[in-house]
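Below: the structure, in structure tokens.
The values are calculated or read from the model by the stated rules, or taken from the named source; none is laboratory data. Everything numeric here is computed off the predicted structure, so don't read it as measured data. Here the Cβ positions follow ideal geometry from the backbone for every residue, glycine too, while neighbour counts run over all protein chains shown. These accessible areas exclude ligands, DNA and RNA; they are computed on the full protein's heavy atoms, side chains included. Shrake-Rupley method; radii C 1.70, N 1.55, O 1.52, S 1.80 Å.
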Amino acid sequence: MSELPLPPARSTSARDNSSEEAKQVSTIEKSAVELLAQRIAGDMAGGLGMILVHIGEQTGLFVALAQGSASSQELADRAGLAERYVREWASAMAAAGYILYDPADARFSLSPEQETVFASEGNSYYAPPFSDMLVSIAKDESLVVDAFRTGEGIPWGDHNACLFCSTERLTSQTVLPQLIQKWLPQVHIDLNCEGSVPRIVDIGCGRGKAAIAMAEAFPHASVYGLDLHQPSVERARDAAASAGLSNAHFIAAPAEDTQEKDFDLAVIIDALHDMGDPVAVAAKVRSILKPEGRFLVIEPYAADRLEDNFTLGGRMGYAASTCICTPASLSRPGRAALGAQAGYARLSDVLKRAGFNKIRAIQNEPTNIVIEAVA
């Protein structure tokens, strides 16, 4: 059998140059791939770590560890858990840098900073509510995959209950302190007037944390919470009753269907982008406000350009929007799908199209966009 013909001979210098170029390109590509692989590995470790954070809160391990340093057996005894599971959990937490480990006596502990983040609920750095959201998204993954294929939305109430818990707690620890102490004092309206009864409505109130906080902060006001998710409204009613608040009222209905009116202040917290038709909702708000009433819109911070949101906050915001916010909007009439990273320009445009002529930013970084609008 004859041999296959050989390719034409090339000069030694040409072969060397070609080989060097191929080697250089290969080195660059390998380096880029390795960097990306390392980032993915870091994200994977972080995601698994947050699942363990969720387990740590659910089992009381962080609270138990806050009582003082402990061996894995002592920690298990404090929490009433099986030692072998606790030992593996604590090892993972120590490897992540979430808790401390002293190899001299094989004991685990929390630094003051770690205790703030993992064992002191209510402060703005408390991390477990973020793990609630991650668990919810993971459990709802099949719903999101189906939505990608059909183009249909996912109603808010169809999500795993961990999502409702997460939004309630995140609102409490990151939004409410600023709402009461910083943002509302900048709104040009008197909510403490004893000679009248200011009327406030919180649209998309969820489990009622913000509405209850406003009812407590402004006892002379009549505060209404409005949400289409019946279980959340029932929880809000129970919470208001437990707090002994007679000036907090909750209604289960879409924003577009409210029959209440003559409000001095309307608030939408982290929910306008979830609405099927944000312009129609904003127009409804305008119609139920008094002539000089104020509309306060609070949204997650985002820059106006996509490329300016290539940040840690942008990564989290777009991911949550993909799995939660965009599907929520697509499940409602209008299907605007504004997204959680709308930015100040698009939010202002929504308000202008709804008939609000005076729009100003109370805050436009670092975590929230806060807008006051007046018709």
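A few comments on the model shown:
- Dipole axis of the chain (+1 Lys, Arg; -1 Asp, Glu on Cβ), positive-most option in S120, A45, A302: A302
- Rounded, prolate or oblate (a/c below 1.5 giving rounded, otherwise prolate when a/b exceeds b/c) for region 228-280 by Cα gyration tensor: prolate
- Surface per residue (accessible, 1.4 Å probe) for region 266-375, Å²: 42
- When +1 charges are put on Lys and Arg Cβ atoms and -1 charges on Asp and Glu Cβ atoms, the dipole computed for the chain relative to its Cα centre reaches about 720 debye.
- Share antiparallel - DSSP beta bridges, the chain, percent rounded to 5: 45
- 3J(HN,Hα) along region 92-103, derived from phi through the Karplus expression 6.51 cos²θ - 1.76 cosθ + 1.60 where θ = phi - 60°, amounts to 5, 5, 5, 5, 7, x, 7, 9, 9, 9, 10, x Hz, with x in place of Gly and Pro.
- Each Lys and Arg contributes +1 and each Asp and Glu -1, all at the Cβ; summed about the Cα centre of region 277-375, the dipole is approximately 400 debye.
- Sorted largest first, the spans of the alpha carbon positions of region 313-373 along the three principal axes are 33, 30, 12 Å.
- Angstrom value of the Kirkwood radius, inverse mean 1/r, which spans all Cα pairs in the chain: 23.7
- Rounded to 10°, Cα long-axis angle of helix 230-242 versus longest principal axis of the chain: 60
- Measuring against 22 Å, Cα to Cα, the residue pairs K284/K352; K182/K284; K209/K352 contain K182/K284; K209/K352 as the ones spanning a longer distance.
- For region 47-161, with all protein chains in place and a probe radius of 1.4 Å, 57% of the accessible heavy-atom surface sits on carbon or sulfur.
- Backbone N under 12 Å from the E216 label point (7 Å along Cα→Cβ), restricted to region 160-182: 172-173, 176-177, 180
- Separation of alpha-carbon centers, region 220-294 and region 119-138, rounded to whole Å: 26
- Helical content of the chain, expressed as a calculated mean residue ellipticity at 222 nm, amounts to -14500 deg cm²/dmol (DSSP H runs of 4 or more residues, -39,500 (n - 2.57) each, divided by residue number, nearest 500).
- Amide H contacts of V267 (H built 1.01 Å from N, in plane; Pro and chain starts excluded): V201, D202, I203, L296 sit under 5 Å, all sequence-distant by 5 or more or on other chains.
- For the chain, with +1 on Lys and Arg beta carbons and -1 on Asp and Glu, the positive-most of L226, L176, L143 along the dipole: L226
- Exposed-loop-free span, longest in the chain, where GluC sites (Glu not before Pro) count as exposed if DSSP calls them loop and at most 10 other C-beta atoms lie within 10 Å: 4-193
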